[in-house]
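Since every read-out is calculated from the coordinates, none of them should be taken as a lab result. Values in this document were obtained by computation on a predicted structure and should not be read as measured data. Note that we place each Cβ from the backbone using ideal geometry, even for glycine, and neighbour counts take in every protein chain shown.
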């Protein structure tokens with residue numbers, strides 16, 4: 001009996017230590033955001049309480065206390081059933097750890113149900129409970145299936161809406177300066193923050209006839225700039241994009257569709273020699289246009305911005 005109590009105490013002690021170690025490892029290696037760290041702390045506390053409850057059930061088993069077995073066992077079953085149900089209904093994508101936890105809950109729930117029904121001493125009562133539990137499990141599986149079907153239908157509908165509203169546009173390179181007299185639509189960053197840069201870009205963006213999109217912001221030289229002017233591009237519409245810069249690398253345009261989803265495009269610039277081989281524009285800057293636009297994912301953008309910040313930090317240290 002002493003060995004059981006020692007193992008019970010060790011398990012109770014190792015549960016918070018193990019969970020805290022997993023959380024610390026994840027925060028160190030997976031670059032969690034502040035919101036993810038907060039959720040990780042909440043989940044740690046939930047798992048801590050759940051595994052302690054399982055440890056109490058283990059205690060009830062080696063003490064052979066039937067009442068404690070049913071109390072702790074039923075509490076575990078309720079928690080497991082809620083977790084399984086909410087996991088299927090939830091629209092959030094499951095991580096590998098969450099999928100393993102879902103499988104664990106399902107197996108524990110089934111196994112514990114069979115064990116608790118087996119412990120019922122009265123055969124007639126055992127048959128009644130078995131019938132009730134079978135009906136409850138059948139109803140739960142049916143409800144979860146209906147909820148999952150509705151969720152999948154909503155997800156498919158939203159994906160179709162996103163695909164329909166995603167902007168598709170091209171560009172027309174500009175090989176010479178064009179005076180914008182007000183009849184042409186133009187979009188540009190705030191003028192007051194642009195004077196210090198030595199090069200300028202002029203390009204005409206041309207929208208498809210599919211949907212409207214909004215030119216939100218521009219990233220260059222390690223900074224984001226909100227765009228002003230005619231930043232809403234209507235179907236089949238055209239708009240000049242003009243901005244100043246220093247580094248021709250890592251220039252990114254952020255575009256928003258009518259549903260509020262953002263898309264990111266790397267802009268590759270091309271240096272143009274103006275009239276008589278002169279490279280400077282009327283503003284005294286090197287003149288560029290675009291040679292290619294390439295869509296990138298949000299993760300690729302995050303890595304790009306992070307690398308640029310790291311380079312700037314190393315430069316400051318030097």
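A few points about this structure:
- The angle between the Cα long axis of helix 123-165 and the longest principal axis of the Cα atoms of the chain comes to about 0 degrees, rounded to the nearest 10.
- Across the alpha-carbon set of segment 2-164, the Rg to Rh ratio works out to 1.05, Rh being the Kirkwood radius.
- The relative contact order of the chain comes to 12 percent, based on Cα pairs under 8 Å that sit 6 or more residues apart.
- Relative contact order (%) - criterion: Cα under 8 Å, at least six apart; region: segment 169-317: 25
- Compared with the dominant Cα axis of the chain, that is its longest principal axis, helix 298-317 is turned about 70°.
- Cα extents of segment 128-210 along the three principal axes, largest first (Å): 86, 32, 20
- Largest-first principal axis extents of the Cα set of segment 1-47 (Å): 46, 19, 8
- Whether segment 169-317 is rounded, prolate or oblate, judged on the alpha carbon gyration tensor where a/c under 1.5 counts as rounded: oblate
- The chain, helix-only ellipticity at 222 nm - DSSP H runs n ≥ 4, -39,500 (n - 2.57), divided by all residues, nearest 500: -19000 deg cm²/dmol
- Principal-axis tilt of helix 66-89 within the chain, Cα atoms, nearest 10 degrees: 20
- For segment 221-275: rounded, prolate or oblate by the Cα gyration tensor [a/c cutoff 1.5]: oblate
- The Cα atoms of segment 106-169 give a gyration tensor whose axes a ≥ b ≥ c have a/c of 1.5 or more with a/b greater than b/c, which makes the shape prolate.
- Ordering 54, 68 from the fewest to the most neighbouring beta carbons within 10 Å gives 68, 54.
- Among 102-115, 139-152, the order from most to least packed when residues are scored by Cβ within 10 Å on average: 102-115, 139-152
- Translational diffusion of the chain, estimated by Stokes-Einstein from the Kirkwood radius over alpha carbon pairs at 37 °C in a medium of 0.692 mPa s, is 129 µm² per second.
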